[in-house]
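Working notes, beginning with the structure itself.
Every number here is computed from the coordinates shown, using simple stated rules; none is lab data. Small disclaimer: the values here were computed from a predicted structure and weren't measured. Glycine gets a Cβ as well: all are built from the backbone with ideal geometry, and neighbour counts include every protein chain shown.
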Amino acid sequence: MDALASLSLAFQQFATSEMLFHVVWATLLGIFVGSLPGLTATMGVALLTTLTYTLDRDAAILVLICMYVGAIYGGSRSAILLNIPGTPASAATSLDGYPLAQSGRAGYAMALATAGSAIGTMVGILLLVLLAPPLAEAALRFGSFEFFWLAVFGIIISGQLTGGISPLKGYIAGLLGLMVAMVGSEGIHAHIRFNFGIQELNGGIGLIPAMVGAFGFAEVLTVMWRRKAKVVDKPAERDRILPKLVDLWRYKFTIGRSGVIGTMVGIIPGVGEDIGAWASYAAARRTSKERDQFGKGSLEGLTAAETGNSAVVPGALIPALTLAVPGSAPAAVLIAALFIHGVRPGPMIMIEQPEFVYSVAVMLVFATIAIAVFGLFLTRFFVLVLKVPREILMPLVFTLCVIGPYALTQRTFEIWVMVGFGLVGFLLRQMNYPMAPLVLGIILGALLDKSLRRGLTLSDGDLTPFFTRPISATFVIIIALSIALGIPAVRRAISRALDSLLRRQKEGMTDG
Amino acid sequence: MTLDSAKADQWTSLVLFVLGAAMLVGGYTMDRLEIRQIHPASIPGLVPIILGAAMMLCSGLLFWSARHRAGEATEANGTPISEGSLKNLAFAAGYSVVYAIGLVGWLPFWLATAIYISVFYVHFSWQADATNRSRLLHAGLGLAFGLVGAFAIATLFEHGFLVRLP
C-alpha cells in the first residue's frame, strides 16, 4: 500500500508541464544518440550529466533516465536500417531486423522493436518496484566483509560475462579500473597514493572525464575509422508502422520471458544491455517453434532482443540504487550523477530517501511512454537522422567531450584525463577488452579498498570472517564457481562428467 | 592484421606485467604511516599490492594463452585494421588531441572550436575531383558551420551553465 501511495505521489510530482517538457527533449535526444552508430547510451548519459549541473535534482535525474532509455531503444533504428547496432545493446536486433528491412518490412520491424522495448521496460519497472526495497533491506545486513566480496563479485561477473570468449580480458579490464581507482587520496587515512607529484591527481581520477573519454572520444575515433554505412531505403519499406496486436499476443511468452531475463541480467553488476539482449534472444530461439527463421528475419527474434535489452535498464538501476553498484555502464554514470545532485545511493536509500526509488520508477514510466509515442509516430524522422553525415556530427560531439568534463571542475586537467582515457579506451576496445568491467572497477575501487582494510582492522588482521560469515561465504562460493567455469578445461571436464552421467542413466533405464 | 592477434596480446601482456609489477612495488614501498600508529592491516599500500600481483598473474596467463593460440596458428577474431581507414583514424586522433591539449587554452575557446570544427568538416568531406569553385564553396560552408557550431556551444556553456570557458 505504501508503495502504491509513493508511486501515485511521484506521478503527481512529475506530471507537470516542465517535467513533461524535459521528458520530450531528453528522450528525443536519447533516441537520436542511440540511432547514430558509434554514439552509445553511456556516452549520451555522461555528456548530458555535464549539461544538467544547473537543473534541480529531480529534473536532472529525469533527463538522464530519459536519455538512457531513449538511447538503448534508439540503437534498434540503425541495427534495422544499417545492419550496424547504434549501441552494442542492439547487436542481437540487427540479426533479424536487417533481413526484415531488406525484405521491405523496415517500418514494421521498427514498430515491433518499439513495442518490445516499451513492454520490456515496463516489466523491468515492475520488478524494480518489487525488488529494490527488499534488496536494500537485505543490504543493510552487509558489513565491510560482505561489501568487499560484493565488489570482487561485481568485477569477476562483469569480466566473465562481457569478456566474450576470453574472460581473462574482462578480468584484466576490471583490474585496470581498480588500479585507476587507487590514484589519489584513499578513504581511510586520507593518504595520497600514486599522484606522481601532480597535484591535480590528489583527488583521484574523476569518473565523468574518464567515461566521456572512454566512451565519447573513443567512439569518435571508431566512427571516423570505419567505412561509411548505407541506409536501407527501399520504396517497399513504406509498410505498416503500428505493431499488430495479434503478433504481440502470439509472442506474449517471449515478451514476458525476455523482460524477466533482461531485468535479471541488469541486476548482475556491470553486465549490461547487450548481454540482456543476447540472453533473451538465445532463450527465445531455444523455445521457438519458428527457430529456423531466427537470423533470417524472425519477428520473434527481433521482439526477444529488443524486449531483453530494454528490460536491462530498470534492472541495472536496482543494484545502482540499493547497493551503489551499477548494473551497466550507463548506470555507473548515473550513480556519479546521483552523487553530484545530492542523492546517496546504497543500502540506506530506503531509510534516508524511500520515495526516491518510486520517483525513479515513475521517471522510467514517462521515458517508456515517450519512446513508444516517438518510436511509433516519428519513424520516418528517425530514418532521416541516420543520414546526418559523420563529418558534421563528430566534431560537435568531440567539442562537447572537451568542454563537458571541463565544466564540472573548470580545470584543464580534466580535458587531459578525457583525452588519455579516449586514446587508451580506443586501443583496448580494438583489442577486445570490454569497457564495462573497467568502468565498474573505477566505481568499485574505493569500496573494495576501504572494505578490505576496514574488515581486516575489525578482525585484527584475521582473514577468517571473510570466509565464514554466511553472506560472505555465499559470495566466495559464487565467485569461485564463476572463475572455475571460466576455465575451458574445467568446463570441458564438467560437460564430460554430465555426458557420462546421462549415458549411465540411459543405460540403467534400458537394462531395467 | 588485427589488433586482437596473438602477437598483439603477447606484447600487451608484457606491458600489463610491467604495470602490475610497478603497482606491486609502489604499494609495497608506500608509506605505512607507522608514525600515526595505524593498524598494520590498514596500510594504504595493501590493496595496490594485491592488485599488482593479480595483474601480474593475469598478464602471465594472457601471455601463455596468446603463445598457445599462436602455436595453434588460429586466426584472431578482432577487427581487421584493413577494414577501416588508418589515414582517417590518424587524422581524427592527432587533430583532436591538438585541439584539446594545444588549441584550447591557447586560443579563446570559441576561436579554437571554430577552427577545429571547420577543418574537421572540410578535411573529411573534401572531394579531390571537385572544381575549384565548388571547393571554395565547400570551404566557405565549413567555415560557416564551424563558426555557428562554436558560437552555439560557447554560448550554451558560458551563459546557460555559467562556465568560465578555458
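A few comments on the model shown:
- Candidates per trypsin sites (Lys or Arg not before Pro) in segment A:129-238, loop by DSSP, up to 13 other Cβ within 10 Å: A:R141, A:R227, A:K228, A:K230, A:R238
- Theoretical FRET efficiency, 1/(1+(r/R0)^6), r = Cβ-Cβ of A:L481 and B:H123, R0 51 Å, to 0.05: 0.45
- Per-pair calculated FRET efficiency, R0 = 30 Å: A:F377 and A:A5 via Cβ, rounded to 0.05: 0.35
- Radius of gyration and maximum dimension Dmax of segment A:1-106, Cα, Å: 16.4, 50
- Across A:K296/A:K387; A:K289/A:K387; A:K169/A:K252; A:K169/A:K387; B:K7/B:K87, pairs whose alpha-carbon gap is larger than 31 Å: A:K289/A:K387; A:K169/A:K252; A:K169/A:K387
- Over segment A:264-371 - Rg/Rh using Cα atoms and the Kirkwood inverse-distance radius: 1.09
- Net charge of neighbours whose Cβ lies under 14 Å from the Cβ of A:D292, counting Lys and Arg as +1 and Asp and Glu as -1: +2
- Volume per residue of the convex hull around the Cα atoms, evaluated for chain B, comes out as 194 Å³.
- Over all other residues within a Cβ to Cβ distance under 9 Å of A:E186, the charged ones net out to +2, with Lys and Arg as +1 and Asp and Glu as -1.
- Here the Kirkwood formula, the inverse mean of 1/r across different C-alpha pairs, assigns the protein assembly as shown a hydrodynamic radius of 26.1 Å.
- Net charge of Cβ neighbours under 15 Å - reference B:I43; Lys, Arg +1; Asp, Glu -1: +1
- Sites B:A22 and A:A497 - FRET efficiency at Förster radius 60 Å, r taken between beta-carbons, to 0.05: 0.90
- Dipole-positive endmost among A:P326, A:G346, A:L393 within segment A:306-451 (Cβ charges, Cα centre): A:L393
- For A:V325, residues with placed amide H under 5 Å, excluding near neighbours: A:A320
- Amide H contacts of A:R193 (H built 1.01 Å from N, in plane; Pro and chain starts excluded): A:G184, A:S185, A:E186 sit under 5 Å, all sequence-distant by 5 or more or on other chains.
- A run of chain A free of exposed loop cleavage sites, with chymotrypsin sites (Phe, Trp or Tyr not before Pro) counted only in DSSP states other than H, G, I, E and B and at most 16 other beta carbons within 10 Å, reaches its longest extent at A:197-512.
- Full-stretch length increase - A:Q410, A:A15 - with 0.36 nm per residue and alpha-carbon distance subtracted: 138.7 nm
- Relative counts (whole %) of C-alpha pair distances in segment A:386-494, using bins that are 10 Å wide: 11, 21, 28, 19, 17, 5, 0
- Separation of the A:V490 and A:D460 label points, Cα + 7 Å toward Cβ, nm: 3.5 nm
- Percentage, to the nearest whole number, of Cα pairs in segment A:302-344 over 15 Å apart: 43 percent
- A crude spin-label estimate for the pair A:F196 and A:Y53, with each label 7 Å from Cα along the Cβ direction, gives 2.6 nm.
- Among the chymotrypsin sites (Phe, Trp or Tyr not before Pro) in segment B:126-166, those located in a DSSP loop and surrounded by at most 13 other Cβ atoms within 10 Å of their own Cβ are B:W126.
- Looking at segment A:326-408, the trypsin sites (Lys or Arg not before Pro) that sit in a DSSP loop and have at most 12 other Cβ atoms within 10 Å of their own Cβ are A:K387.
- For segment A:380-483, with +1 on Lys and Arg beta carbons and -1 on Asp and Glu, the positive-most of A:L427, A:L444, A:L458 along the dipole: A:L427
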